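In what follows, a single structure is set out as structure tokens and then discussed.
Nothing in this text is a laboratory measurement; each read-out follows from the coordinates by a stated rule. This is a predicted model, so every value here is computed, not measured. As a convention, Cβ positions derive from the backbone with ideal geometry for all residues, glycine included, and neighbour counts pool all protein chains shown.
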């Protein structure tokens, strides 16, 4: 099985106007179905924290004690479920996040908040991507690590819709750590 960022299956959770597909990303979902891979859909921390009418924010804006606590609350059951699957012989191939996301970025996240007020904001603050994890993925990896669960994570580049495929993500996962192990 694989843990997927929420918006891979439901891009409607994104900030209004930025989803690049009306539904699940076909190249990824088709490959998972073809290969018989189980899917654990991670909750969307941004949608559950700020709702559907929120505006785009950077990692700095989400990197607060309140948002981290929100992430931990959402992830507690996911980490319990993942640990249970591993204890019972299931194989967790990895975690797939969305690079560039302030929450679900794996290799790259969104940074650059400089302040301002709503009346002067565009759809997004002046953001750029930097190396590093988003807040939600950082919390997930930390919580898994605390339990001795080592699960590889890769980020997909959503801008490459036409070439996004499960096969490419699986190759990237196999170059990380292999499959999940319990230490």
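First check a/c for segment 1-44, with a ≥ b ≥ c the square roots of the eigenvalues of its C-alpha gyration tensor; if it is under 1.5, answer rounded, and if not, answer prolate when a/b is larger than b/c or oblate otherwise.
oblate
Cα-based Rg of the chain per 2.2 N^0.38 Å, rounded to two decimals?
Ratio of Cα Rg to 2.2 N^0.38 Å: 1.01.
Per residue, what volume in Å³ does the convex hull of the Cα atoms of segment 20-100 enclose?
120
Using R₀ = 25 Å, calculate the FRET efficiency as 1/(1 + (r/R₀)^6) where r is the Cβ-Cβ separation of residue 85 and residue 157; round to 0.05.
The value I calculate is 0.35.
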